[in-house]
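Single-structure report; data block below.
The values are calculated or read from the model by the stated rules, or taken from the named source; none is laboratory data. Note that the structure is a prediction, hence the values are computed from the model and not measured. Don't worry about glycine lacking a Cβ; one is built from the backbone with ideal geometry, like all the others, and counts go over all protein chains shown. Calculation scope for accessible area: heavy atoms of the full protein, side chains included, ligands and nucleic acids excluded. Shrake-Rupley method; radii C 1.70, N 1.55, O 1.52, S 1.80 Å.
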Amino acid sequence: MKTILLALAASAAFAASPALAHFQLVYTPEVNLEKPADLPLKMIFWHPMENGHAMDMGEPEEFFVVFKGERQDLTSTLEPITFHGAENEAKAYEATVPVKRNGDYIFALVPAPYYEQSEDIYIQQLTKSFVNKGGIPTGWNEPVGLPTEIVPLNKPTNIVAGSTFSGVLLSEGKPVPGAEVEIEYMAAEPDVDADRPGEPTASPMPGGALVAVTDADGEFTFGIPKAGFWGFAALGSGPATEHEGKELSQDAVIWVRAYDLK
Ligand SMILES: [Cu+2]
């Protein structure tokens, strides 16, 4: 019965899938640190593969970091900024977070639901990104307890370009089979000083979004062809399905960083 319900939920996600893939960013340019640093983090809701339209963010509901299993609330560090996209300007957020100890830092953002007029639905992308200090792994493969999230099965801070990335999609802590996962390359990494996109290093693919589907265990794998930041978004995988009387797509987003093997 459960499988049937999940299959129905998955087909609903397919139907609601927009032509253009929008991705919530939690972005910092350097995810492998050797020395203590004040990390600049940028929260931007954007179409990063096409360096396209950016959306106004409302005040985020939650922003936190998990380090060695301990969660620290960072909501008070958020400051509003304007992101000067290639097509338009949009409200975004930034934070500066000190990183001192060695290990994995998992940043998580719960943005306010965003109203997408063209589809008459709300979208809320629960987003995780990762920073490591000192090359010491301390829990990057642990869930952080979001209503829906993608948990990496490869270390997300140093994927080799040409290898693969796998993740498992969870909703309320349980694997979600048969769910669509959209995949994007961050073509124009934001300039964190200017709050605008850098020079694009890739163009959108013909045929629309890149898509994988989770298997019976809720897992997916994608071959990473190129160094840089790759985003994965499971659409409508979260338990919340309604906001202010309208349909809500509560999505799980994860960002990983790939490097060329030199
Ligand atoms: Cu979009």
| field | Residue selected from region 72-92 under the condition of a type in the set (Gly, Ala, Ser) and not in a strand (DSSP E or B), by the criterion most open to solvent (accessible area, probe 1.4 Å) | value | SER76
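How many residues does region 51-68 hold that are in a loop (DSSP other than H, G, I, E, B) and under 15 Å from LEU146 (Cβ atoms)? I'd like the intermediate steps shown before the answer.
Restricting attention to region 51-68, the residues satisfying the condition of being in a loop (DSSP other than H, G, I, E, B) are 51-53, 56-61, 68.
So of that shortlist, the ones also under 15 Å from LEU146 (Cβ atoms) come out as 60-61.
Total meeting the criteria: 2.
Table: residues versus (1) over 15 Å from the mean Cα position of the chain (by Cα); (2) surrounded by fewer than 22 Cβ atoms within 10 Å (Cβ to Cβ); (3) hydroxyl-bearing (Ser, Thr, Tyr); (4) in a loop (DSSP other than H, G, I, E, B).
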| site | (1), (2), (3), (4) |
| --- | --- |
| ASN141 | yes, yes, no, yes |
| GLU149 | no, no, no, no |
| GLY162 | yes, yes, no, yes |
| GLY167 | no, no, no, no |
| GLU182 | no, no, no, no |
| ALA188 | yes, yes, no, yes |
| THR201 | yes, yes, yes, yes |
| GLY208 | yes, yes, no, yes |
| PHE220 | yes, no, no, no |
| field | Of all residues in region 1-30 being more than 16 Å from the ligand (Cβ to nearest atom) and modelled with pLDDT of 95 or more, the one that is surrounded by the fewest Cβ atoms within 10 Å (Cβ to Cβ) | value | GLU30
| note | For region 31-53, pairs from a residue that is away from the ligand (no atom under 16 Å from the Cβ) and open to solvent by 30 Å² or more (accessible area, probe 1.4 Å) to a residue that is modelled with pLDDT of 95 or more and hydroxyl-bearing (Ser, Thr, Tyr), with Cβ under 8 Å and 6 or more apart or across chains, are ASN32/THR157; ASP38/THR96; PRO40/THR28; PRO40/THR96
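Identify, from the list GLU94, GLU199, GLU189, GLU149, the residue that is of a type in the set (D, E, K, R) and free of Cβ contacts under 8 Å to residues at least 24 places away in the same chain.
Working: GLU94 fails: free of Cβ contacts under 8 Å to residues at least 24 places away in the same chain; GLU189 fails: free of Cβ contacts under 8 Å to residues at least 24 places away in the same chain; GLU149 fails: free of Cβ contacts under 8 Å to residues at least 24 places away in the same chain.
Going through GLU94, GLU199, GLU189, GLU149 in turn, the sole match is GLU199.
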| Residue list for region 235-262, filter: open to solvent by less than 40 Å² (accessible area, probe 1.4 Å), in a loop (DSSP other than H, G, I, E, B) and small (Gly, Ala, Ser) | GLY236, SER237, GLY238, ALA240
| query | What do you reckon, is VAL176 surrounded by 15 or more Cβ atoms within 10 Å (Cβ to Cβ) and within 24 Å of PRO113 (Cα to Cα)? | reply | yes
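Of the residues that sit in region 54-65 and are touching a Phe, Trp or Tyr at 6+ places or on another chain (Cβ under 9 Å) and open to solvent by 20 Å² or more (accessible area, probe 1.4 Å), which one is nearest to GLY134 (Cα to Cα)?
Selected residue: GLU59.
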| task | Give region 24-50 a look and list any residue that's among the hydrophobic types (A, V, I, L, M, F, W, C) and either in a loop (DSSP other than H, G, I, E, B) or more than 25 Å from ALA234 (Cβ to Cβ) (or both), or say none. | result | VAL31, LEU33, ALA37, LEU39, MET49
| remark: Counted residues in region 93-121 being of a type in the set (Phe, Trp, Tyr) and part of a loop (DSSP other than H, G, I, E, B) come to 0
